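Before any comments, here is the structure.
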Amino acid sequence: MNNPKVDQIPLSQNHDLIGQLLLERGLIAAQDLENALDFQSRSGSKLGDILVRLGALSEESLIPVLAQQTGYSLVMQADISREHIFQALERLAWSTETLLKLSAVLWEDLATGLHAAAADPLDAGLQEEVEAAAGLHPVQWHFMRAHEIERLLSQLQGIDKQQAFSAEHFRELAEDAPVIAFVNSLIAQAIDERASDIHIEPGEQRCEIRYRIDGVLHTRSDFAIDRYPAVTSRIKLIAHLDIAERRLPQDGRITLRASGAEMDMRVSVIPAVHGESIVMRLLPKKREDLALPALGFEPDHLQMLKDWMELPSGLVLVTGPTGSGKSTTLYSALSAVNDRKRKIITVEDPVEHKLPGIIQIQTQSEIGYTFARALRSILRHDPDIVMIGEIRDRETAEIAIQSALTGHLVLATLHTNDALSSFTRLVDMGIEPYLVSAATQAVMAQRLVRRLCPHCAVPAAAGPVMHDNHKISNVVLTGTERWREAVGCDHCQHTGYRGRQGIYELVTVTAELRHPIASQAATAELEKLANASGRRSLFQDGLIKAGRGETTLAEVMRVAVTDAES
């Protein structure tokens, strides 16, 4: 363990160096630094703390730079043994509760002496309290990330039974400084790791934190269950939920700035056996990927979609499971055609991203403002294009069909496994087959596959599946494909993948398809007709991406192979 320097200049007096280091590493913008320096001149706070509070960067990014600047070492949870912590607590006659209150970790190594770590080891009050308790024993100080401190200390705590607290008590828990820091760090770390969702899941004795990154959940940390009421209370408080309600599901929203990004967060809380399970979906306010060329469409598919968006009327359906990128596709399509010459109105639950120049309506089922009721109202507002967040029931489907037949271009999402199943799904909802045939102009299915990390992917053989001609119809393979496979490195958190892109199945409803749809022909017959017009299945479209080395064959098979193709 490296010894820290004992004659450090306080950060508040050395802000030019920390600011320069952060700028050189590209962690903050020059405007963020200017704003922080202005605030510091009035408050006297440390520059790093101000930048984190302003949301210009995360603690996760700041601490390694502070360690470099000050010469204090940065320690990880794995560097410290529990035995050494208990030795230090015994020497100081302290408990783990004292460490939790201080948000610091102490340990004693017989070879190197007494050590202390904190997110801000330069805090004079913290140093004074620890060194007073240590007496004549010198203390060596180190940096440690707040979430690692929380996790380490919570593992040392005894497990107490949860009690029923009043709303006032929950509010007190939520406003405790270490809890605020922990939740802020949790969110900032998720943003730094490009997570789309944060899952907080209570168990019998511990609570687990998982991030969904590129569509796959990864466990990041856990903490003792007796700390969970404070964490849930904090999240509920900032999401404007009922902080004392523990028996019913609740939904809220948070707007914040963290790690230099403006974010909206959808918060969903549901009661479970061991407590309330929380999922927070991260929605950046600025989306660079809301452009059709960035979504992974092949040139022919991109042109088809653009042609659909120029239709004067009809129903265009985008299908796929939850989390397959349907909303992003529709948002991108609307942004592409929003030339201010047509009136565009959306009905969503919830509104995930705000689009300039487009009227977006949020449904509120609790007061009876459903998709169907909203659609009836907006048709009197003379729209040219209507987007429906999801067709969930017969009433919404009927209004969508009628709107498509009366001169409106209607875009909507539907939950089906592939594009051609959309017709059966609408009929199952109670729509007459001839209406489905007459109104529907096009259907599209999509999935998201993970992109290979460009830093560690290696060449791979295509695999025996490539010899199955049934699977590669309508896909031209040249023999020069660059098949690659995932390895894993620091750039991709050792997953082998970084980022995602779409694979698509697009079908235009031609004259040859309308009669079979109206007569409820089998899906296999519809597939033959669509294939004759050049349809590619999801798997076949994914095969093109894998052949270019953008993803792996295994990843395409994971998300796109149906029973017929397996």
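The values are calculated or read from the model by the stated rules, or taken from the named source; none is laboratory data. Here the structure is a predicted model, which is why all the values come from computation and not from measurement. With ideal geometry, Cβ positions are generated from the backbone for all residues, glycine too; neighbour counts draw on all protein chains shown. Surface accessibility is based on the protein's heavy atoms, side chains included, excluding ligands, DNA and RNA. Shrake-Rupley method; radii C 1.70, N 1.55, O 1.52, S 1.80 Å.
Summary table
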read-out	value
Segment residue 532-residue 68, length gained on full extension (0.36 nm per residue, minus Cα span)	160.7 nm
About the Cα centre, charge dipole magnitude for segment 396-456 (Lys/Arg +1, Asp/Glu -1 at Cβ), debye	440
DSSP beta bridges in segment 308-395 [antiparallel fraction, %, rounded to 5]	10
Stretch in the chain that is longest and holds no GluC sites (Glu not before Pro) that DSSP places in a loop and that have at most 11 other beta carbons within 10 Å	311-566
Accessible-area value, residue 61, 1.4 Å probe, nucleic acids and ligands omitted, Å²	30
Antiparallel %, DSSP beta bridges [both residues in the chain], to 5	65
Residue 86-residue 367 FRET efficiency (beta carbon distance; Förster radius 51 Å; 0.05 resolution)	0.35
Accessible area expressed per residue, segment 58-185, with surrounding protein chains retained (probe 1.4 Å, Å²)	46
Accessible area of segment 353-395 divided out per residue, in Å², using a probe of 1.4 angstrom	58
Among 445, 44, 410 the positive-end extreme of the charge dipole of the chain (Cβ point charges)	410
Rounded Å value of the spacing that divides the Cα centres of segment 111-149 and segment 47-94	9
Separation in nanometres of the label points that stand 7 Å from Cα toward Cβ, at residue 303 and residue 322	3.8
Label-to-label distance, nm, for residues given as residue 384 and residue 196 (7 Å Cα→Cβ offset)	3.1
Segment 286-337-segment 350-427 distance, computed between alpha-carbon centres (Å)	16
Nearest-0.05 FRET efficiency for residue 218 and residue 93, computed from C-beta distance (R0 35 Å)	0.30
Residue-normalised accessible area of segment 400-457, given per residue in Å² at a 1.4 Å probe	32
Isotropic mean projected area of the C-alpha convex hull, segment 123-268 (nm²)	10.7
Structure-derived volume of the Cα convex hull per residue in Å³ - corresponding label in (i) 223; (ii) 155; (iii) 188	(iii)
Apportionment of accessible area to carbon and sulfur, the chain, percent (1.4 Å)	50
Loop-located trypsin sites (Lys or Arg not before Pro) in segment 509-566 whose Cβ has at most 12 other Cβ within 10 Å (DSSP)	548
